[in-house]
Amino acid sequence: MKLLDNLKKPFGTARMVRIKAVRYLAWEDAFDVEFEDGLSFLEPHSSVRKANRISPKAHVERVEPDEECRIGFFVHYDNGQTAEVSWSFVREFPPRERNTSRDAAKAPQVVAEAPVKYITRRKK
């Protein structure tokens with residue numbers, strides 16, 4: 001098993017690879033996800049809980065890979081909740097959050113005009 005966080009790609013740039021196998025490692029509190037290209041990632045259970053809004057008191061009952069497409073897996077908990085995890089969640093870094101109020105404050109209020117030398121004048 002390889003733990004290679006440096007092989008994760010920026011959000012939206014990873015190449016899709018099917019999941020070969022997935023298992024929950026209780027002593028690590030993480031999911032071991034193996035892909036067809038030979039890479040294996042150890043995804044922390046805390047990140048799966050946070051992304052799917054799973055109760056902290058819930059315990060993993062079973063892990064079920066998506067058998068039809070092999071592009072993700074489901075985690076079933078003892079309280080009836082289910083987490084859905086896609087291949088991209090494991091292979092890519094999460095997207096950067098943008099604070100729109102802060103970005104709006106940095107944006108210029110006036111649109112820049114073209115310099116005078118680029119303005120064409122009509123002949124009379």
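The values are calculated or read from the model by the stated rules, or taken from the named source; none is laboratory data. All of these numbers come straight from a predicted model, not from anything done at the bench. Using ideal geometry, Cβ is built from the backbone for each residue, glycine included, and neighbour counts are taken over all protein chains shown.
Numerical summary
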quantity: Filter pass, residue 51 being in a loop (DSSP other than H, G, I, E, B) and under 19 Å from the mean Cα position of the chain (by Cα); calculated: no
quantity: Residue 17 being assigned to a strand (DSSP E or B), under 17 Å from the mean Cα position of the chain (by Cα) and either modelled with pLDDT of 85 or more or surrounded by 15 or more Cβ atoms within 10 Å (Cβ to Cβ) (or both); calculated: no
quantity: Every pair of residues 6+ apart whose Cβ atoms lie under 7 Å, when the first sits in the stretch 72-93 and is within 14 Å of residue 22 (Cα to Cα) and touching a residue at least 40 places away in the same chain (Cβ under 8 Å) while the second is among the basic types (Lys, Arg) and surrounded by 14 or more Cβ atoms within 10 Å (Cβ to Cβ); calculated: 91/8
quantity: Some residue of the stretch 31-38 being of a type outside the set (Asp, Glu) and touching a His at 6+ places or on another chain (Cβ under 8 Å); calculated: yes
quantity: Index of the failed condition, residue 80 passing every other in (1) small (Gly, Ala, Ser); (2) modelled with pLDDT under 90; (3) assigned to a loop (DSSP other than H, G, I, E, B); calculated: (2)
